[in-house]
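Have a look at the structure below before the remarks.
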Amino acid sequence: MCGGRVENHLGKTTPSSPDRNSNLDLPVLNSRAQHDKRVSQLRHRGGSPDRDSNSPFSAVKLNTTSRDKIMASPGVTVQSTTSSKFSSYLEQLDNFKSKRDKIMASPGVTVQSTTSSKFSSYLEQLDNFKSKSLWHQLTLKLLETVQDDEFKGEETAMNLYNTYVKDMEAKLNLLQLMEIVYYLIQQLETPKALELLQTIEKKLLKNEEALALCKVLQGALLLEKMGDAKKAKELLDEVEVLLDNTRFTVSSKIHGRYYKLASKWYMTHSDHVNYYSAALKYLGCVDVDSLVLGEQQDIAIALIVAALLGEKLYNLGELMYHPIMSVLKTKTAPRAWVFELLKAVNNGDLSVVEILKSYWSQIPDLEAKHHIIEEKTKLLCIVQMCVPHYNLPLADISKKTFTPLPEVELLLMKAMAHELLRGRINQSDGFVHVTWVRPRALDNKELKVMISQLDDWCSNIKEAEHHLAQNAKDIIEL
């Protein structure tokens with residue numbers, strides 16, 4: 001075209017620039033010519049141009065999918081490698097969308113339109129995090145999703161697990177993975193839930209925390225849903241070894257769930273001493289106020305029963321002032337009499353214990369083992385008598401404990417055997433001299449008595465100091 005002439009769309013000829021297109025020998029078509037050529041091609045293929053009223057040129061209507069439209073964009077079709085890469089991305093997005101649609105079609109999600117819309121938002125965010133390999137954000141969003149009150153249904157749970165969890169277990173935080181699974185198995189039948197936990201357990205061998213939590217969840221299902229106490233105890237023993245051997249600080253959530261399961265196991269076997277210990281440790285791992293009111297009341301009553309019936313459990317004062325007892329201190333609380341019974345036994349008040357006997361039939365264990373409660377009350381009554389005095393007449397003990405005088409010595413020997421007090425019994429003089437009393441939680445009345453005794457002791461020391469100052473000269477001369 002160097003030195004040639006080019007015809008423009010007005011039919012005029014203009015000389016071409018010698019420096020422009022000097023190395024090309026191709027015809028140059030203007031936009032109108034290009035349009036005419038495209039229309040001719042369409043007519044040859046059997047198509048027909050459709051003019052757009054807002055454009056001077058024809059526009060062709062093509063029936064294609066959204067992905068084909070994207071792939072037909074100029075920015076995508078520049079190079080074949082770019083086209084192939086984009087095609088891969090779009091196939092992944094299509095795959096995420098199909099899985100999301102499957103979850104949204106689950107019965108538990110499509111019950112209400114608001115729920116469906118809410119889960120659609122959750123799943124779009126999950127798709128976004130998954131496509132960008134943002135595993136931490138994906139984990140947090142999964143936790144938020146499974147904890148939602150609207151999340152329910154076995155099919156929904158399994159679809160969510162298969163889509164967002166199963167293939168990425170190795171990339172997620174394993175402890176948080178078990179937290180997600182904990183909420184998922186709430187929607188599954190017990191056999192399926194156990195099968196899922198046993199499958200996941202094989203992948204947690206290198207993480208002792210997650211492995212311990214997985215075993216605890218299995219034990220809870222076996223004990224509470226299937227009634228298999230033997231297998232549940234085996235898992236509890238395995239978890240105890242794991243927790244003892246850990247070389248790091250274990251999350252309080254794991255300890256809390258372990259002690260909760262252990263306390264339930266001990267309760268089913270009427271092991272009052274171990275239940276008392278495990279239940280208090282469980283309450284030490286959780287915020288008491290976060291528990292529902294019904295659960296707080298059940299735990300408080302069970303703790304009182306265990307404290308009253310458990311051997312060697314005499315420090316009842318620490319339980320009286322535990323925060324969990326606040327749910328039973330009001331008169332309107334159901335079974336508030338149980339707390340009154342605890343207070344009466346701790347104070348050694350046999351008259352109040354006798355009055356409350358009419359309620360014991362509400363709790364079979366109390367009625368069946370009433371002799372244990374009566375003996376514990378008598379022993380604590382002796383301890384209470386030791387607070388203001390350390391030389392106790394045997395006759396006074398007999399009167400206070402409603403015990404025949406010949407049996408008082410045996411009662412004192414039981415108190416010493418349980419290490420509630422130490423002393424010497426002088427049967428000929430009818431006295432017992434107490435030299436030591438077991439430390440325990442004191443109420444306000446007992447604290448006032450102790451304060452009075454300390455004041456007397458301080459006063460005696462000052463008198464001795466004053467006497468020494470007055471007679472120091474005589475003592476030195478001697």
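Counting only protein heavy atoms and using a 1.4 Å probe, the accessible area of MET168 comes to about 10 Å². Inter-part distance, the range 357-379 to the range 281-349, computed on C-alpha centroids, equals 16 Å. Does the range 327-478 come out rounded, prolate or oblate, given a ≥ b ≥ c as the square roots of the eigenvalues of its C-alpha gyration tensor, rounded meaning a/c under 1.5 and, failing that, prolate meaning a/b above b/c? Oblate shape, in that a/c is at least 1.5 and b/c is the bigger or equal ratio. For the residues SER428, SER290, a 1.4 Å probe over the protein chains yields an accessible-area ranking, largest first, of SER428, SER290. Across the range 238-290, how large is the tail of the calculated P(r) beyond 17 Å, expressed as a percent of all Cα pairs? Considering the range 238-290, 38 percent of its Cα-Cα pairs are separated by more than 17 Å. Taking all protein chains together, THR401, THR190, THR332 sort by accessible area into THR332, THR190, THR401, largest first [probe 1.4 Å]. Rolling a 1.4 Å probe across all protein chains gives ARG335 an accessible area of roughly 100 Å². Pairs of alpha carbons in the range 385-459 separated by more than 15 Å make up 60% of all such pairs.
Of interest is the spacing of the C-alpha centroids, which for the range 216-232 and the range 152-211 amounts to 17 Å.
Solvent-accessible surface (1.4 Å probe) assigned to GLU144 amounts to roughly 90 Å².
When the pairs LYS166/LYS215; LYS130/LYS231; LYS264/LYS329; LYS414/LYS445 are compared against a 28 Å limit on Cα-Cα distance, LYS130/LYS231 fall above it. Heavy atoms of the protein chains alone define the surface here; on that basis the range 332-478 has 64 Å² accessible area per residue at 1.4 Å probe size. Judged by the gyration tensor of its Cα atoms, with axes a ≥ b ≥ c, the range 165-294 is prolate; a/c meets the 1.5 cut and a/b is the larger of a/b and b/c. Taking LYS215, LYS253 and ordering them by how much accessible surface each has at a 1.4 Å probe, largest first, produces LYS253, LYS215. Give me the Debye-computed log₁₀ of I(q)/I(0) at q = 0.10, 0.13, 0.17, 0.18 Å⁻¹ for the range 290-417, equal point scatterers on Cα only, no solvent, two decimals. So the normalised log intensities work out to -0.34, -0.55, -0.88, -0.97.
The values are calculated or read from the model by the stated rules, or taken from the named source; none is laboratory data. All of these numbers come straight from a predicted model, not from anything done at the bench. To get the accessible areas, we keep the full protein, side chains included, count just its heavy atoms, and leave off ligands, DNA and RNA. Shrake-Rupley method; radii C 1.70, N 1.55, O 1.52, S 1.80 Å.
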